[in-house]
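Note sheet for the following structure.
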Amino acid sequence: MEKLQRNVLTAEYKERPLIPEIAGLPSLEWTSSPSHASYDDAEGTLTLTAAPGVDWSNDSLGGDQQHRASALAFTAPASFSLSARVMVASPRTTFDAGVLALWVDNDHWAKLCFEYSPQGEAMVVSVVTNTHSDDSNGPVVTAPWIYLRVSRVGPAWAFHSSADGREWSFVRLFRLDTDRPVRVGFMSQAPMGDSCEARFDAIELTEEPPADLRDGS
């Protein structure tokens, strides 16, 4: 009986992936079902591997909603900025992405993506969802990485991107139409592919958002 109980506990443990602890961040939780995550403490690198066909999408044209991807996230403070350098392993497939994500529920969420376009270009893409998704393409990225940042600015949210993590370019400012708590964190998506390995390093959480959203700070 003792051996059987040990085997059952071992099986349950394997079915519940460990959630990494990242220095400087609150404890993280999955927004939905657990996904695949690892953290290299020495390198400060979080790696998220998406399952086949997972995404977040509330199609404005009336297609089916998709919320099979899972973000590793924490409850967003009242005022903050979260930034990271984002890389996606090759080969890439259409719409795969490493993502900084905001999540409330199926109808209220947003994501800032280092995404692969149907034209075979890596680019910054932002999606804001208040019932339906508002997609917007940003700049094409020729480097193997991009720095992404999400900030809470009073009642609103701001997205920025950067080539070097020092000078930031404004992506968009928006609100989520909800008073419920928002979770913020990291996600990998692979809507058209078998998988997507997204890596996040240079992860930084600060208490204050930028004072001026358009001056590069």
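Only the coordinates and a few stated rules stand behind these numbers; no lab work does. Note that the coordinates shown come from a computational prediction; the quantities given were computed from them, not determined experimentally. With ideal geometry, Cβ positions are generated from the backbone for all residues, glycine too; neighbour counts draw on all protein chains shown.
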field: 14 Å beta-carbon shell around ALA50, net charge (K/R +1, D/E -1)
entry: -1
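Taking the Cβ of GLY165 as the center, what net charge do the other residues with Cβ under 11 Å away carry, scoring Lys and Arg +1 and Asp and Glu -1?
-1
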message: For the chain, take the longest principal axis of its alpha carbons; what is the angle in degrees between that and the long axis of helix 2-15, to the nearest 10 within 0 to 90?
response: 20 degrees
task: Quick one: P(r) of the chain from all Cα-Cα pairs, 5 Å bins, percents rounded to integers, in order of increasing distance.
output: 1, 7, 15, 20, 21, 16, 9, 4, 2, 2, 1, 0, 0, 0
message: Using Cα springs under 10 Å in a Gaussian network model of the chain, which residue among GLN66, GLN119, GLN189 shows the largest mean-square fluctuation?
response: GLN119
message: At a 10 Å Cβ-Cβ cut-off, how would you order SER70, SER83, SER33, fewest neighbours first?
response: SER33, SER83, SER70
- request: Express in nm, to one decimal, how much length is gained between THR94 and SER60 on full extension, taking 0.36 nm for each residue of separation and deducting their alpha carbon distance.
  value: 10.3 nm
field: For GLU29, GLU197, GLU21, order by how many other beta-carbon atoms lie within 10 Å, fewest first
entry: GLU21, GLU29, GLU197
query: Packing-wise, with mean Cβ within 10 Å as the measure, how do 105-117, 157-169 rank, highest first?
result: 105-117, 157-169
- request: Can you tell me how much longer the chain between THR75 and ILE19 gets when fully stretched, taken as 0.36 nm per residue apart minus their C-alpha distance, in nm with one decimal?
  value: 18.6 nm
task: First select every other residue whose beta carbon is under 10 angstrom from the beta carbon of LEU102; then total the charges, Lys and Arg +1, Asp and Glu -1.
output: +3
